[in-house]
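Participant: Sharing a structure with you now.
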Amino acid sequence: MLNGKILLVRRSRRNQSHPLIVVTLTNLLIIFSANTSATNESVKPVDSTKWFHQTILPNGKSWFNGELQHYTDQITNSFVSNGTLKIKAIKESTKQRGVTKEFSSARLNSKFAFTYGKVEVRAKMPKSYGGAWPAIWMLSKDINERGAYFQQLGFGKSNWPDCGEIDILEFWGRIPEVAQSAVHTRSSHGNTINLGSQRIPSISSKFHVYHLDWNKDFLSFGVDNVEHYKYNPKVKNQMTWPFDSDQYLLLNFAIERNIEPSFENGILEIDYVRIYDDSGVLIWSDEFN
């Protein structure tokens, strides 16, 4: 702990329940549990004009870091209900493109990219389980990653970590009550030294606003307007500062190899996502209404 802030060694995100039956009734989707009655909770799909489901395995037969999940575009894994987005990781055998995984989840790419400004995401983390790994983060629009939204549009000239990675919020289930942020560049990546965190006792029971302030000089991270990390390298070059071009937002819930056996499901719940330009004007949002 340094100056009241908890510093954790981490690696990059990039290099790195009960079964449900879905019944569709016109534009209304009602989720039924396989062993209970209806939940009284109507749901709708994620807005496809704003979000892209990234589902293709980019690393052969797996995601990076040996993660155990398949990311799907199924409404059981990502949906909007009662005014919030839910990204749900589920312990269930899932087969996609000939590969079977024991967990399913979702990974959303924003279809919007920007340079400089402020990101605010009001979110509630799932219950802590070792190996559960939800996150709110950013990658370069030009990252060379198979299956990413902008890569499929013809971008993808920059490899990781040269493209840069901005982790606005990571919640490591094995470290309860801690919100962590990190930056990855060519100069420090994987187990990066560029990180900071703060303890949030109600991180899994209440909504909090996670923010990034980004300009030509620094990246500032915090929760509920309390900063816990600022990245401001003295020397800015290709090794330390690949952050003068468009980045897009990612929302996902990964499952690590050390997931606790008792884990059945967990939900990353998001109330809103708002992006402002560097003059404070709202330029993109999803209120999940």
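Participant: Could you check how many residues of the stretch 226-240 are more than 14 Å from residue 181 (Cα to Cα) and in contact with a Gly (Cβ under 7 Å, 6 or more places away or on another chain)?
Facilitator: Residues meeting the conditions: 0.
Participant: In addition: Which of the residues belonging to the stretch 58-71 are surrounded by fewer than 19 Cβ atoms within 10 Å (Cβ to Cβ) and not basic (Lys, Arg)?
Facilitator: 58, 59, 60, 62, 64, 65, 66, listed by residue number.
Participant: Still on this structure, I have one more. Which residue out of 267, 168 is in a strand (DSSP E or B) and farther than 22 Å from residue 114 by Cα?
Facilitator: On inspection, the qualifying residue turns out to be 267.
Participant: Going by the structure shown, is residue 136 within 15 Å of the chain's Cα centre (by Cα), within 21 Å of residue 242 (Cα to Cα) and of a type in the set (A, V, I, L, M, F, W, C)?
Facilitator: In short, yes.
Participant: Next question, about the same structure. Just one of (1) loosely packed, with under 15 Cβ neighbours inside 10 Å; (2) more than 28 Å from residue 54 (Cα to Cα); (3) aliphatic (A, V, I, L, M) trips up residue 153, so point out which.
Facilitator: (2)
Participant: Moving on. Looking at 130, 98, 147, which is the one that is touching a Lys or Arg at 6+ places or on another chain (Cβ under 8 Å), surrounded by fewer than 21 Cβ atoms within 10 Å (Cβ to Cβ) and farther than 14 Å from residue 246 by Cβ?
Facilitator: Testing whether each residue is touching a Lys or Arg at 6+ places or on another chain (Cβ under 8 Å), surrounded by fewer than 21 Cβ atoms within 10 Å (Cβ to Cβ) and farther than 14 Å from residue 246 by Cβ leaves just 130.
Throughout, read-outs are computed from the coordinates displayed, never taken from laboratory work. No experiment lies behind these values; they were computed from the predicted model shown. Cβ sites come from the backbone with ideal geometry, for glycine too, and all protein chains shown count toward neighbours.
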